[in-house]
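The values are calculated or read from the model by the stated rules, or taken from the named source; none is laboratory data. Owing to the predicted nature of the structure, the values given are computational and were not obtained by experimental measurement. Please note: Cβ atoms are built from the backbone with ideal geometry, for glycine as well, and neighbour counts cover all protein chains shown.
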Amino acid sequence: MAIFDRKTAQVLATILAFATGLWLLWGLRDLAFLLVLAIFFAYTVEPLISLIYRHTPSNISRRTSIFVTFSLVLIATLSAGFVLGQLVTTQASELILQLPSLGEDPTRSIAFPLPSQLEPFRDELTHYGLDFARTAASGFLSSLGSTTFAIC
């Protein structure tokens, strides 16, 4: 009986290689996600690049078409983000202004349907819900302001 078994060594090497691959994949999961996202984005934008490339003069390279396409997508994304950001900011600030009146008006909390098991806890849920909404809305507005500052 030999101390070194070739078949066992091959199985152990395969298990070790598989475990190492999983460990590397787990360590690079953020990079892998970005890679998949980039491939998806490139696949999505390719028809627009081809359309722009077909309708440009022949002396303009495909790189220029790619640059123009990505510039258009960036401008459209920033414009949509700016418009939606303004809408969300105004609605969040209106919510913050209305939150104190929501807590003072008991008819509003009664109108909100709850499961029968939670009905005895309606007052506590309303109180904690309003506190959570105030904290979440103010935190959202502060993070939105810092995000806007970082982009600009």
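Key figures
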{"item": "Filtered residue count, the range 1-16, keeping only those that are surrounded by 10 or more Cβ atoms within 10 Å (Cβ to Cβ), part of a helix (DSSP H, G or I) and not polar (S, T, N, Q)", "result": "6"}
{"item": "Which numbered condition A150 fails, given (1) assigned to a helix (DSSP H, G or I); (2) exposed (fewer than 10 other Cβ atoms within 10 Å of the Cβ); (3) at pLDDT 80 or above", "result": "(3)"}
{"item": "Which listed residue is within 30 Å of F140 (Cβ to Cβ) and assigned by TED's automatic domain parsing to the domain that holds S138, from F82, F41", "result": "F82"}
{"item": "Subset of the range 81-130 that is at pLDDT below 80 and not in a helix (DSSP H, G or I) - its residue that is surrounded by the fewest Cβ atoms within 10 Å (Cβ to Cβ)", "result": "P113"}
{"item": "Inter-residue pairs, beta-carbon under 8 Å, first among the small types (G, A, S) and in the range 14-35, second in a helix (DSSP H, G or I), 6+ apart", "result": "A32/L25"}
